[in-house]
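Novice: Sending over a structure as C-alpha cells; questions will come in a sec.
FYI, it's all coordinate maths here, none of it is from the lab. The model shown is predicted, which means the values in this text are computed figures rather than measured ones. Every residue, glycine as well, gets a Cβ built from its backbone with ideal geometry; the counts of neighbours run over all protein chains shown.
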Amino acid sequence: MSNVFVVLPPICTREEFSRLTGLEVKGSSVVLGMCNQSTLPTVKVGRHSLVNVYQIIQDLVAGKTEFLPGDYS
C-alpha cells in the first residue's frame with residue numbers, strides 16, 4: 001500500500017470544501033447547513049465565514065469519528 005499525501009488549505013470557502021470532500025453532489029446547501037448548525041468548524045475572516053479545515057484535521061488525528069450538529073458551537 002502506498003502513502004498518499006494531499007495538501008489541504010487550513011481554511012477554505014464552503015464551496016471549496018464541498019468540492020474537496022465530494023459533498024457537492026449532495027447539493028450546494030449541504031455544507032452551508034452543516035456550517036449553520038455548527039457541525040463543521042468555521043472561522044470569520046472579515047464578513048466571510050470559512051470552513052476551518054485545520055481544526056477538522058486536528059480532530060480526526062485526535063480520534064474524532066462523528067461530526068454532529070452543535071459540535072463547534
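Novice: Taking springs between alpha-carbon atoms closer than 10 angstrom, which of Thr21, Thr42, Thr13 fluctuates most in the Gaussian network model of the chain?
Specialist: Thr21
Novice: Still on this structure: Can you tell me the dipole magnitude for segment 13-73 around its Cα centre, using point charges on the Cβ only (Lys, Arg +1; Asp, Glu -1), in Debye to the nearest 20? Each step should come with its number before you reach the end.
Specialist: On the way: 6 positive and 6 negative charges, 35 e Å.
The calculated dipole for segment 13-73 is roughly 180 debye.
Novice: For n ≥ 4 DSSP H runs only, could you compute -39500 (n - 2.57) per run for the chain, divide by its residues and tell me the 222 nm figure to the nearest 500? Walk me through the numbers before you get to the answer.
Specialist: On the way: 3 runs with 25 residues, N = 73.
The helix-only estimate for the chain comes to -9500 deg cm²/dmol at 222 nm.
Novice: Given the options Ser29, Ser49, Ser18, which has the most mean-square fluctuation in a GNM of the chain, springs set between C-alpha atoms less than 10 angstrom apart?
Specialist: So, out of Ser29, Ser49, Ser18, the one fluctuating most is Ser29.
Novice: May I pose another question? Please list, short to long, the whole-number percent of alpha-carbon pairs of the chain in consecutive 10 angstrom bins beginning at zero.
Specialist: 19, 52, 25, 4, 0
Novice: Further, regarding this structure: Restrict the search to the chain; then list the chymotrypsin sites (Phe, Trp or Tyr not before Pro) that DSSP places in a loop and that have at most 16 other Cβ atoms within 10 Å of their Cβ. Intermediate values should be presented prior to the final figure.
Specialist: On the way: sites: Phe5, Phe17, Tyr54, Phe67, Tyr72; in loops: Phe5, Phe67, Tyr72.
Counting only loop positions with at most 16 other Cβ atoms within 10 Å, the chymotrypsin sites (Phe, Trp or Tyr not before Pro) in the chain are Phe5, Phe67.
Novice: In the chain, which trypsin sites (Lys or Arg not before Pro) are in a loop and have at most 16 other Cβ atoms within 10 Å, using DSSP for the loop call?
Specialist: Arg47, Lys64
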